[in-house]
Amino acid sequence: MNIPQKDRDILRRLATKHAGIAAQPAHKQTIRRWKRLNALDPVKPMVSIDQICWHEMNVNSELTLLCENKFCRDMERTLRSTIYKWVHFPCDMVVMPHIEISKSIGNSGYGIDVKYEDGGAAEIHQHAETHIFEDQIPDEAALDKIQSPIITHDEKTTMSNKSIAEDIFGDILPVKMTGVSPAFRVWDEITFFRGITPILFDFADRPEFLHAVMEKFTNIHLDLLRQHEKLNILEKDATSIHCSATFTDELPAKDFDGVNVRGLDCWAYGMGQIFSSCSPMMFDEFEIEYSKRYYEHCGLVNYGCCEPLHDKVHLVRKMHGIRKISASAWADVNVMARNIGHDYVLLRKSNPAFIAGNALDEQSIRKETYATLAACKEHGTPCEFILKDITTVKNQPERLTRWAQIVNEEIEKVTL
């Protein structure tokens, strides 16, 4: 690969900034606090911002990509976004003393593609959008056509990319090639292939068919995990999973051989967002009974996303390795803290709507944050705040900085 000198110079300047930030001693203290939280012995509630509307952040051209080569632009984007977050809203961010590049991993797919109801194929878009999806698994015949993906690792390309990056960064930043984290978000995948409406009808009209769907997809995901283990491409050193920091002394597992990474050596994550509209009994039958088969092969688990789980904690407890449980904006945080107690981290997903209106809703941010802190303090519940799923800040990036200030002000009031 021919790397233009201009690209090399741009990346080296950014890498020097990154390395300077990563060398600050504050990161060691932050890592210790994350480890305490993840061990259910917190120093204080931790705070982070992720899933940012990056297309609204570049008001001062800090994120403008200048490299020409695509491989270089990908590394440039990583460096610029990391530096931007540290400068504007670091929260409890840790900047690692290396640059991460994904290993060259392939996936043959299920044999079907996501399609919109208008017949067009779904594409990856930069901005949040709403779509109605075509039901591509309407019956058993369609289900039989679903293939189990074949995972491949192009080690030659992985090592080539590593060598090119090391040649660019020299002694400024080490290069870390990263693998994949275990994930069981099957219902989200099925929803993209079918749409919400037919699934909700099938919960009542064709439960046996949904069980067949889940049985097939669960077996596929167990097979994918085995393939990841066989190829040795699982990431035991991931610093975050599903937007939450994963620093811990509990992984890898005590019997890790130092070479072959298993699911048991890694953090995993998962969710069942469609059960926002279903009873705890259905959640148990169609999500828990399948998910627990997957998580028994994993180390620690960050569970949940936008679905309210306050009345389902007793069911989440049935699964192996659960360490963090999502408390979305739709969850009753008082009920959830009471049901969690000191057994898990309450992962508070702060409401992004409060930063998306015509004006920043500081009062609602304070109210939500205080209510969460008060509930967790009453029940001795470890707590973490994440602002994510950020669709818009009305082209005012400073709103994220202010959100972080408000949340930390409330933390100081309650925890001191």
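The values are calculated or read from the model by the stated rules, or taken from the named source; none is laboratory data. These numbers were taken from a predicted model, which means no experiment stands behind them. Neighbour counts run over all protein chains shown; Cβ positions are idealised from the backbone, glycine included.
Got a number for residues in segment 253-282 being over 24 Å from Phe193 (Cβ atoms), of a type outside the set (Phe, Trp, Tyr) and touching a residue at least 24 places away in the same chain (Cβ under 8 Å)? Walk me through how you get there before you give the answer.
Start the filter on segment 253-282 by keeping residues that are over 24 Å from Phe193 (Cβ atoms), which leaves 253-267, 280-281.
Subsequent filtering for residues that are of a type outside the set (Phe, Trp, Tyr) retains 253-255, 257-266, 280-281.
Right, trim to touching a residue at least 24 places away in the same chain (Cβ under 8 Å) and you get 253, 259-266, 280.
Total meeting the criteria: 10.
Just a yes or no: is a residue in segment 376-385 outside any helix (DSSP H, G or I), surrounded by fewer than 22 Cβ atoms within 10 Å (Cβ to Cβ) and in contact (Cβ under 8 Å) with a residue 12 or more places away in the chain? Let's see the steps before the verdict.
Residues of segment 376-385 that are outside any helix (DSSP H, G or I), as a first pass: 380-385.
Keeping just the survivors that are surrounded by fewer than 22 Cβ atoms within 10 Å (Cβ to Cβ) gives 380.
Subsequent filtering for residues that are in contact (Cβ under 8 Å) with a residue 12 or more places away in the chain retains 380.
Yes, that holds for at least one residue.
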Criterion (charged (D, E, K, R), over 27 Å from Ile390 (Cα atoms) and touching a residue at least 40 places away in the same chain (Cβ under 8 Å)) met by exactly one of Glu229, Glu250: Glu250
Unique match (being in a loop (DSSP other than H, G, I, E, B), surrounded by 14 or more Cβ atoms within 10 Å (Cβ to Cβ) and modelled with pLDDT of 95 or more) among Ile137, Ile168, Ile190: Ile137
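This table checks each residue for (1) in contact (Cβ under 8 Å) with a residue 12 or more places away in the chain; (2) closer than 30 Å to Pro382 by Cβ; (3) out of contact with any Leu (no Cβ under 7 Å at 6 or more places or on another chain); (4) crowded, with 18+ Cβ neighbours inside 10 Å.
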{"residue": "Asp7", "(1), (2), (3), (4)": "yes, no, yes, yes"}
{"residue": "Ile10", "(1), (2), (3), (4)": "yes, no, no, yes"}
{"residue": "Val47", "(1), (2), (3), (4)": "yes, yes, yes, yes"}
{"residue": "Cys53", "(1), (2), (3), (4)": "yes, yes, yes, yes"}
{"residue": "Met75", "(1), (2), (3), (4)": "yes, no, no, yes"}
{"residue": "Arg80", "(1), (2), (3), (4)": "yes, no, no, yes"}
{"residue": "Lys85", "(1), (2), (3), (4)": "yes, yes, yes, yes"}
{"residue": "Asp92", "(1), (2), (3), (4)": "yes, yes, yes, yes"}
{"residue": "Gly106", "(1), (2), (3), (4)": "yes, no, yes, no"}
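Quick one: is Leu346 assigned to a loop (DSSP other than H, G, I, E, B) and either within 24 Å of the chain's Cα centre (by Cα) or at pLDDT 95 or above (or both)? Even if it seems obvious, please write down each step before you answer.
Working: assigned to a loop (DSSP other than H, G, I, E, B): no; either within 24 Å of the chain's Cα centre (by Cα) or at pLDDT 95 or above (or both): yes.
No.
For (1) of a type in the set (D, E, K, R); (2) free of Cβ contacts under 8 Å to residues at least 24 places away in the same chain, each residue gets a yes or a no:
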{"site": "Thr130", "(1), (2)": "no, yes"}
{"site": "Ser148", "(1), (2)": "no, no"}
{"site": "Gly170", "(1), (2)": "no, no"}
{"site": "Phe184", "(1), (2)": "no, no"}
{"site": "Trp187", "(1), (2)": "no, no"}
{"site": "Asp202", "(1), (2)": "yes, yes"}
{"site": "Phe217", "(1), (2)": "no, no"}
{"site": "Leu222", "(1), (2)": "no, no"}
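Within segment 360-374, how many residues are touching a strand residue (DSSP E or B) at 6+ places or on another chain (Cβ under 8 Å) and not polar (S, T, N, Q)?
At the first step, the residues of segment 360-374 found to be touching a strand residue (DSSP E or B) at 6+ places or on another chain (Cβ under 8 Å) are 365, 368-369, 372-373.
Now drop any that are not not polar (S, T, N, Q), which leaves 365, 368, 373.
Count: 3.
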When residues of segment 25-40 are limited to those that are in contact (Cβ under 8 Å) with a residue 40 or more places away in the chain and not basic (Lys, Arg), the one farthest from Cys376 (Cα to Cα): His27
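Please indicate, with yes or no, whether at least one residue in segment 360-368 is of a type outside the set (Phe, Trp, Tyr) and part of a loop (DSSP other than H, G, I, E, B). First the steps, then the outcome.
Step one: of segment 360-368, the residues of a type outside the set (Phe, Trp, Tyr) are 360-368.
From what is left, the residues that are part of a loop (DSSP other than H, G, I, E, B) are 360-361.
Within segment 360-368, one or more residues are of a type outside the set (Phe, Trp, Tyr) and part of a loop (DSSP other than H, G, I, E, B).
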Strands (runs of 3 or more DSSP E) contained entirely in segment 8-113, each with at least 1 residues that are more than 19 Å from the chain's Cα centre (by Cα): 105-107
Residue in segment 105-124 that is among the charged types (D, E, K, R), modelled with pLDDT of 95 or more and either farther than 29 Å from Glu384 by Cβ or touching an Asp or Glu at 6+ places or on another chain (Cβ under 8 Å) (or both) present: no
